[in-house]
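The structure under discussion appears below in the form of C-alpha cells.
The values are calculated or read from the model by the stated rules, or taken from the named source; none is laboratory data. As the structure is a prediction and not an experimental result, all values here were calculated from the model. Cβ placement follows ideal geometry from the backbone for every residue including glycine, while neighbour counts extend to all protein chains displayed. Just so you know, the surface numbers come from the protein's heavy atoms only, side chains and all, with ligands and any DNA or RNA stripped out. Shrake-Rupley method; radii C 1.70, N 1.55, O 1.52, S 1.80 Å.
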Amino acid sequence: MAIDPFVPWGSVTPEAAGPRLAVKDVVDVEGLPTGAGHPDLLMGPAERDAEAVARLRSMSVFAGKTHTDELAWSLGGTNQHYGAPENPAAPGHVCGGSSSGSAAAVAAGRADLGLGTDTAGSVRVPASFCGLYGYRPTHSRAPRAGIVPLAPSYDVPGLLARELPLLERAAGVLVDPAPRPPVPERVWVPADLWSELSPRVGAALAAGIRDLGLPVDRTPLGLDATDAFAVTQAAEVWACHGEWVKAERPAFGPGVAARFARAESLTAEEVSLARKTVAEARQRLLDLLEGAVMALPSAPVTAPALGRPARTRAATLRLTCLAPIAGAPVLSLPVTRVDGLPLGLSLTAAPGGDENLFALASGA
C-alpha cells in the first residue's frame, strides 16, 4: 500500500520562510511523538528536539515527521504496519529504506531537506533510488542525542536534498568541526567489488567516475566483511531492543522478524569473531582511503517495484557496510539513470573528510 511520506501524528504546515525540513520518525522533535516505524513504540510527545534537529532549525523550517521502516532495520522502504511511500522519481517503485519517508518528501518537492539516519545505507540507498543527493557524515562528527538507536557503533544522522549547495550548507550546520585531512589525490575503484555488479551498472556510473578528474586506483579491497558487519550490527540492535522484544513479542514484517530472531540467537563467540573481522576490515579501509576517495554504487540495483519482494539486501550491504565500518563520510550523487530509474554514485573519504567530498562533487 502506497502511503503519504509524512506520518499523521507529525505533519505540520510551515509558518515561516526557509528550506523545509522533513524529519525521519526515529528522531525526536519537541512536542511530537516518536514512532520508530512500529505502532507499539509510538511514544508520548518528546520533551526536546534531538540535537540534529536543534542544529538544523537554525537554517530551516520544520515541515513534519516522515515514515520509516520498522525500527529503521531495513533497506527496503516498506513497513509491515503502515505501508510504503511511493517513489516520486520512479512511480510504481519503492523509495528504499529506512529513510523512505524523508526521501519521498524531498523527491516530491514537499520538503527541501530530509533528515534521516544511516546505519548500513539508509540514507544512501533512498538517495540512489529517488535521484537525490545523500550525505552520511563522519561517525565521530555526528550528533546522535535524541535519536532512537539501532546499532550505536554505526548509527549516524544523515541528510537528503535535491540540490548540492543546500545539502552542503546543512551538512556544515549538522556536524561537529574537525581537522580536515589532505585532499584526495586518486579515486579508489575496488576491482573486486565492481566485478560483482551488473555490467550495466558499471557502464552507467563510469562517466561519473571520469568526471572526478582523478587518477583511478583499482586495488581490490581483498576481503568481505558483510557477514561480520551484520552480526555486530545485530548484536547491538539486540542490546538496544532485545528486552522489549522478549517482553512484548511485537509483530514484525518477515525481514525484520528474521533479523531479530538471528540477533536473539547469537552467541558471544560469534560476536567476538565478527568484531575481530570488522576491526581488520576497518584498518584495511583506513589504509586504502589515505589520500583517496572510494567510488562505489550507492546501491547495486535501481529501485524495485512496489509490492515486489527485493532480494538484494546482501549485495547492498556488501557495498554500504564499508563506510560504517570505517566511521567514514559518504556523499551519494544522483549521476545517472538505468532504464529510466535513478542510480547514484557514492564517494567515501577518510574519516573527517566530509568537506573534501563536497569540494570534489562541486568541482571546487
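Some observations on this one:
- Within straight-line cross-link reach of Lys246, aspartates and glutamates at Cα separation under 17 Å, skipping those fewer than 8 residues along the same chain: Asp40, Glu70, Glu236, Glu264
- Label separation (Ala203 vs Ala359): 3.6 nm, computed from points 7 Å beyond Cα along the C-beta direction.
- Largest GNM mean-square fluctuation among Ala52, Ala207, Ala292, using the chain with Cα springs under 10 Å: Ala207.
- Summarising the strand pairing of the chain, around 65 percent of its internal DSSP beta bridges are antiparallel.
- Helix-only CD estimate at 222 nm, as mean residue ellipticity for the chain, using -39500 (n - 2.57) per DSSP H run (n ≥ 4): -10500 deg cm²/dmol
- Peptides 2-11, 303-312 ranked from most to least packed, by the mean per-residue count of other Cβ atoms within 10 Å: 2-11, 303-312.
- In this structure, Ala2 and Thr267 have a Cβ-Cβ separation that, at R0 = 45 Å, corresponds to a calculated FRET efficiency of about 0.65.
- Percent antiparallel among DSSP beta bridges (both partners in the range 1-140, rounded to 5): 25 percent
- Put a plus charge on the Cβ of each Lys and Arg, a minus charge on the Cβ of each Asp and Glu, and nothing anywhere else: the dipole of the chain about its Cα centre is then about 540 debye.
- Computed in the context of the full set of protein chains, the accessible area of the chain at 1.4 Å probe radius has 53% of its extent on carbon or sulfur.
- Zone residues, the range 123-143, relative to Arg48, backbone N less than 20 Å from point 7 Å out along Cα-to-Cβ: 141-143
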